[in-house]
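Taking it in order: structure first as C-alpha cells, then the write-up.
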Amino acid sequence: MVSAYRQIITNQLYTRAKQSGYDITVEFQHGSLKFDYQDEWLYKIPPEKRGTAAGKAGNQAFAKLSSLFTDEQTKKDAQEIDDTLDKVSGVVSNIIVAGKATNVVIKQQTEQIKHLETVTDSATEKMRGLGERMDKQG
C-alpha cells in the first residue's frame, strides 16, 4: 500500500513537472528496483503489475522515496520518512493479524456460549419437569 502510494506520488511529481515545462529525472538509489515513473497512467496500473517491465513484480518493484533525490539532506529527510512509513506499515500489519486472531477467538467463544446455552436450556427443562413431578407427589 505505502509503496504503491510512493509510486503514484513520484509519477505525479514527474507528470506535473513535465506539464509545466520542466524536465526532471528520478534517480533510483543503488539497490532499489526501478519502475516506470514516466507512464502518465501509472495510477491506473494495478500495484502488482508496476515494475514488471524490469522483470519484477509485487512489492519488490517499488522504490523508496529517498531513492528519488540527489541532495544529501533531502535524501536523509526522505529516508526518515521511508523508515517512519515502514514502521507504520508494520504496525498496521500487526493490527490486522491481531484482529484476525481476535476474530477466531471470538468465533470460538461464541460457539462455546451457544453450546452452554443449549446445555443450560436442557438442564432448565429437566429441573422444571422434576419440579412438576415433585409438586404432583407432594
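Could you tell me which numbered condition F28 fails, if it satisfies all but one of (1) under 16 Å from A4 (Cα atoms); (2) at pLDDT 70 or above; (3) in a helix (DSSP H, G or I); (4) not hydroxyl-bearing (S, T, Y)?
(3)
So the check is Cβ under 6 Å with 6+ separation or different chains; which pairs have a first residue in the stretch 82-98 that's modelled with pLDDT under 85 and a second one that's exposed (fewer than 10 other Cβ atoms within 10 Å of the Cβ) and outside any helix (DSSP H, G or I)?
none
Quick one: T120 ticks every box in (1) surrounded by fewer than 10 Cβ atoms within 10 Å (Cβ to Cβ); (2) at pLDDT 85 or above bar one, so which box is it?
Among (1) surrounded by fewer than 10 Cβ atoms within 10 Å (Cβ to Cβ); (2) at pLDDT 85 or above, the lone unmet condition for T120 is (1).
Within the stretch 99-138, track down each residue that is under 39 Å from the mean Cα position of the chain (by Cα) and of a type in the set (S, T, Y).
T102, T110
The values are calculated or read from the model by the stated rules, or taken from the named source; none is laboratory data. Model, not experiment: these values are computed from the prediction. Note: ideal-geometry Cβ built from the backbone for every residue, glycine included; neighbour counts use all protein chains shown.
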